[in-house]
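Here is the structure we will look at.
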Amino acid sequence: MSSRADVSPTPVILDVDTGVDDALALLLATRSPAIDLLAVSCVAGNANVDQVVRNTLLVLDTAGAVDVPVARGADRALLDPLRDARHVHGEDGMADLGLPPSTRQPSDLHAVELLRTALEQASRPVTLVPLAPMTNIALLLRTYPHVAQRIERIVFMGGAAAVGNATAAAEFNIWHDPEAAAIVLTSGLPVTMYGLDVFYDVTVDATVAAALSASEDPAAKLAGRLIAHQVQRLGGTAATIGDAGVVAAVIAPDLLTTVSHPVRIELAGTWTRGQTIVDRRAWVGDVVADPHGLPPADVDVALGIDSDRARRLFLDTVAPGLPDPGDST
Ligand code: RIB
Ligand code: CA
């Protein structure tokens with residue numbers, strides 16, 4: 001990713017399946033002066049797509065981002081049946097907090113049309129940030145291939161060089177729609193993969209979540225309540241900010257330690273469907289001799305993150321002035 005040497009905000013589009021951590025990512029993106037959030041597209045994943053739209057609108061309202069367009073996208077994966085992650089995010093996808101819905105309606109456009117329009121109208125190439133199954137992104141690239149030239153980079157949450165979460169081998173966003181992920185990763189576009197190798201590293205302690213929850217600021221309060229839900233669900237003392245870490249990495253790319261590798265998506269394996277196979281072979285002789293050949297472009301795979309600085313960035317942006325007893329820096 002390009003450094004953030006320039007001071008103008010980065011044009012960004014988020015594709016979400018809001019969900020608790022997508023909500024944290026939306027709060028960070030809308031509060032950061034380094035991000036110009038052009039649009040948000042919704043897709044089925046953590047919850048059904050209509051619930052994702054409802055959750056996304058209420059989070060943007062809470063952050064005061066009432067002008068950011070939101071559109072409803074795919075209600076299921078390209079091939080696989082609808083599956084959700086209510087065991088992680090609650091029945092409503094938002095920790096079952098009972099939050100009132102927004103009075104705002106989503107765009108009349110389908111998410112693919114909103115994505116196309118936002119990309120075509122952007123003043124400069126856009127950083128596209130999928131935080132969900134990549135069904136909308138695959139449909140966009142196949143329906144309007146010309147928009148690829150309007151995409152600066154795709155920075156996605158998904159996959160893993162090591163273990164999965166939805167299954168032993170696959171991470172949820174990829175597992176939910178492997179074909180869509182394969183379409184995106186073979187697009188030839190510059191891609192950064194923010195996978196499980198770093199996803200769980202950026203955490204917020206229960207004590208900080210409690211301080212956020214006590215805030216008068218509605219966005220900070222919501223962040224605290226969502227994090228507290230995850231801490232309680234896990235029975236621990238801290239919880240990951242999940243997708244919000246991807247937005248932090250867009251704001252400050254030097255948070256990540258990345259290595260460029262070929263990445264394949266397993267589509268056929270009984271036990272491995274949806275696995276991201278990160279090719280870390282050291283000897284080029286083996287790679288060149290590989291009967292499968294190579295994908296069109298390597299992926300910048302995040303294998304490390306400055307988790308303290310990422311947490312600090314999240315808290316300083318979403319809740320300025322909040323002390324962070326969990327900060328070891
Ligand atoms: O595997 C974690 C990912 O799946 C996160 O983006 C979470 O929100 C779910 O979409
Ligand atoms: Ca997500």
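For beta carbons closer than 6 Å, sequence separation of 6+ or different chains, a first residue in the range 5-28 that is away from ligand 1 (no atom under 16 Å from the Cβ) and a second that is part of a loop (DSSP other than H, G, I, E, B) and of a type in the set (A, V, I, L, M), the qualifying pairs are P9/A34; P11/A122. Of the residues making up the range 255-272, those that are closer than 19 Å to E179 by Cβ, open to solvent by less than 60 Å² (accessible area, probe 1.4 Å) and out of contact with any Ser or Thr (no Cβ under 9 Å at 6 or more places or on another chain) are P262, G269.
The conditions of being within 16 Å of ligand 2 (Cβ to nearest atom), in contact (Cβ under 8 Å) with a residue 60 or more places away in the chain and not hydrophobic (A, V, I, L, M, F, W, C) are met by N46. Meeting the requirement of 2 or more residues that are open to solvent by less than 10 Å² (accessible area, probe 1.4 Å), the helices (runs of 4 or more DSSP H) wholly within the range 177-235 are 178-185, 206-213, 218-234. There is at least one residue in the range 34-48 that is farther than 27 Å from D300 by Cβ, surrounded by fewer than 24 Cβ atoms within 10 Å (Cβ to Cβ) and within 18 Å of the chain's Cα centre (by Cα).
Looking for whichever is within 16 Å of ligand 2 (Cβ to nearest atom) and not in a helix (DSSP H, G or I) here; the options are N136, N173, N165. Which one fits? It is N165.
For the range 131-144, the criterion of being within 11 Å of ligand 1 (Cβ to nearest atom), among the hydrophobic types (A, V, I, L, M, F, W, C) and under 14 Å from P190 (Cβ atoms) is satisfied by no residue at all. Cβ separations smaller than 6 Å between residues 6+ apart or across chains give the following pairs from the range 281-304 residues that are in contact (Cβ under 8 Å) with a residue 60 or more places away in the chain to residues that are part of a loop (DSSP other than H, G, I, E, B) and polar (S, T, N, Q): P295/T186; P296/T186. When each of L267, L196, L255 is tested for being farther than 21 Å from L60 by Cβ, away from ligand 1 (no atom under 16 Å from the Cβ) and under 19 Å from the mean Cα position of the chain (by Cα), the lone residue that passes is L255. For W175, the conditions (1) within 16 Å of ligand 1 (Cβ to nearest atom); (2) touching an Asp or Glu at 6+ places or on another chain (Cβ under 8 Å); (3) more than 22 Å from P253 (Cα to Cα) all hold with the exception of (2). In the range 77-93, what residues are within 16 Å of ligand 2 (Cβ to nearest atom) and within 24 Å of L119 (Cα to Cα)? Within the range 77-93, A77 is the sole residue that qualifies. Considering the range 9-28 alone, what residues qualify as being more than 13 Å from ligand 2 (Cβ to nearest atom) and assigned to a helix (DSSP H, G or I)? Answer for the range 9-28, where residues must be more than 13 Å from ligand 2 (Cβ to nearest atom) and assigned to a helix (DSSP H, G or I): L27, L28. When E179, E120, E91, E113 are screened for being modelled with pLDDT under 95 and either touching a Cys at 6+ places or on another chain (Cβ under 9 Å) or farther than 18 Å from D300 by Cα (or both), only E91 passes.
The residue that is farthest from A219 (Cα to Cα), counting only those in the range 273-304 that are open to solvent by 30 Å² or more (accessible area, probe 1.4 Å) and either modelled with pLDDT under 90 or of a type in the set (V, I, T) (or both), is V288.
The values are calculated or read from the model by the stated rules, or taken from the named source; none is laboratory data. This one's a predicted model, so the numbers in the text were calculated from it and none came from an experiment. Note that each Cβ is placed from the backbone with ideal geometry, even for glycine, and that neighbours are counted across all protein chains shown. To get the accessible areas, we keep the full protein, side chains included, count just its heavy atoms, and leave off ligands, DNA and RNA. Shrake-Rupley method; radii C 1.70, N 1.55, O 1.52, S 1.80 Å.
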